[in-house]
């Protein structure tokens, strides 16, 4: 009885936490897949838009979100698989396709060091994020690390695709580092923010990479994959 009374306040506190899962990507509505087009507001590329294909996968045992980034037409350069859990989003797989000096992409499977990337309960004030490691194919003696932490700042309202929506604002802190036994170690950091709108997911992002430039974009439309692929058919 004493132990039961001890846990009752804890259970009550958990039940009062704010649930913000509706601000993440609508995974169950994406089972046919949609391409999100983000207009480029950064300095890293001259491309006018950035394209991500999001596909929800509803299995008997779990719910997943597959995300594919296209850098050149229909050629993916990044594929992500996330598992949707009761309390947040867990990064389970990240595949990169960097191009070699020949111009050909090579598959690189990243190691997930930690991957609780998006929280469904924001009241605890903790930062959530991920950290990955991978060996660059053009430098097999080195190890690259990428980390990103999100910290909930507060509520906002944003006009997206002509419609005003409730949204959540997250501050970002991260690091892109390399451990090289010959050239030494470098660990540049970056900051920024992300905005997630109810019923849509990520609608705006901004990452200040310092001397490396700015990576930024805002959602301008969502289209079926067939419409996106049709742009490249001859």
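Coordinate-derived values only; no laboratory data. Bear in mind that the values here come from a model prediction, so they are computed numbers and not experimental data. Methodologically, a virtual Cβ is constructed for each residue, glycine included, from the backbone with ideal geometry; neighbour enumeration extends over all protein chains shown.
Placing a label point 7 Å from the Cα of residue 156 along the Cα-to-Cβ line, the residues of the range 204-231 whose backbone N sits under 18 Å from it are 204-209, 214-221. Listed values [x] 1.11; [y] 1.02; [z] 1.26 include one computed from this model; for Cα Rg over 2.2 N^0.38 Å that value carries the label [x].
If each DSSP helix of 4+ residues adds -39,500 (n - 2.57) and the sum is divided by the residues in the chain, what number results at 222 nm, nearest 500 deg cm²/dmol? Could you put the intermediate results ahead of the total?
Numbers: 2 runs with 20 residues, N = 234.
Dividing the helical sum by the residues of the chain leaves -2500 deg cm²/dmol.
Between residue 19 and residue 46, the contour length at 0.36 nm per residue exceeds the alpha carbon distance by 5.9 nm. Extension gain, residue 173 to residue 127: 0.36 nm times the residue separation minus the Cα-Cα distance gives 15.6 nm. Given R0 = 41 Å, the distance between the Cβ atoms of residue 31 and residue 106 translates into a calculated FRET efficiency of 0.85.
Considering only 71, 211, 167, the mean-square fluctuation computed in a Gaussian network model of the chain, springs between alpha carbons under 10 angstrom, is largest for 211.
Fully extended, how many nm does the chain gain between residue 208 and residue 78 (0.36 nm per residue separation, minus their Cα-Cα distance)?
Difference between extended and current length: 44.8 nm.
Helix 2-15 sits at what angle to the longest principal axis of the chain, using alpha carbons and giving 0 to 90 degrees rounded to 10? So the inclination is approximately 50 degrees. Remark: spin-label model distance residue 58-residue 71 equals 3.4 nm, labels positioned 7 Å along the Cα→Cβ axis.
Counting alpha carbon pairs within less than 8 Å and at least 6 residues apart, what relative contact order, in whole percent, applies to the chain?
Numbers: 550 pairs, mean separation 44.0, N = 234.
Value for the chain: 19 percent.
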